[in-house]
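Enquirer: The structure's right below; bear with me while I get my questions together.
The values are calculated or read from the model by the stated rules, or taken from the named source; none is laboratory data. Everything numeric here is computed off the predicted structure, so don't read it as measured data. Heads up, the Cβs are rebuilt from the backbone with ideal geometry, glycines too, and the neighbour counts pull from every protein chain shown. For accessibility, only protein heavy atoms count, side chains too; no ligands or nucleic acids. Shrake-Rupley method; radii C 1.70, N 1.55, O 1.52, S 1.80 Å.
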Amino acid sequence: DKSIIEKIAKAKSVPISQFLKFDKSDHTRCIWHNDRNPSLYYYKDQNKVWCFACSSGGDVIDVIQKIYNIDLKEAINRLAN
């Protein structure tokens, strides 16, 4: 079995854009609050998101945990496989 460090690295390499649809300016509606206007910005080079309205964000693992309401271990396993 892969080491946890390898699993985390593989998980973090999965583009967030596979799970969230961003507009031409790399924004989408925030998944952490009831967002009417796209406030969540995608930093492609870092594969991270940040909401300028509610000050939430994170990497692809954080996004998967929020979207699917799962814990850290399950999110890493989903992304690494």
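Enquirer: Along the charge dipole of the chain, which of Tyr42, Ala9, Leu72 sits closest to the positive end, that is, farthest toward it, with unit charges on the beta carbon of Lys, Arg, Asp and Glu (+1, +1, -1, -1)?
Expert: Tyr42
Enquirer: Here is a further query. Compute, for the chain, the length of the dipole vector about the Cα centre, with Cβ point charges of +1 (Lys, Arg) and -1 (Asp, Glu) only. Units Debye, rounded to 20.
Expert: 140 debye
Enquirer: Give the lysines whose C-alpha is closer than 22 Å to that of Lys21, dropping any in the same chain fewer than 8 places away, or say none.
Expert: By straight Cα distance, Lys21 reaches Lys10, Lys12, Lys44, Lys48, Lys66.
Enquirer: If you take the Cα atoms of the chain, find Rg, then find the Kirkwood Rh from the mean of 1/r over all pairs, what is Rg/Rh?
Expert: Looking at the chain, the ratio lands at 0.99.
Enquirer: Still on this structure: For Lys10, Lys44, give the ranking by accessible area with the largest first, probe 1.4 Å.
Expert: So the residues, ranked largest to smallest area, are Lys44, Lys10.
Enquirer: Please report the net charge: other residues with Cβ closer than 14 Å to the Cβ of Lys66, K and R +1, D and E -1.
Expert: -2
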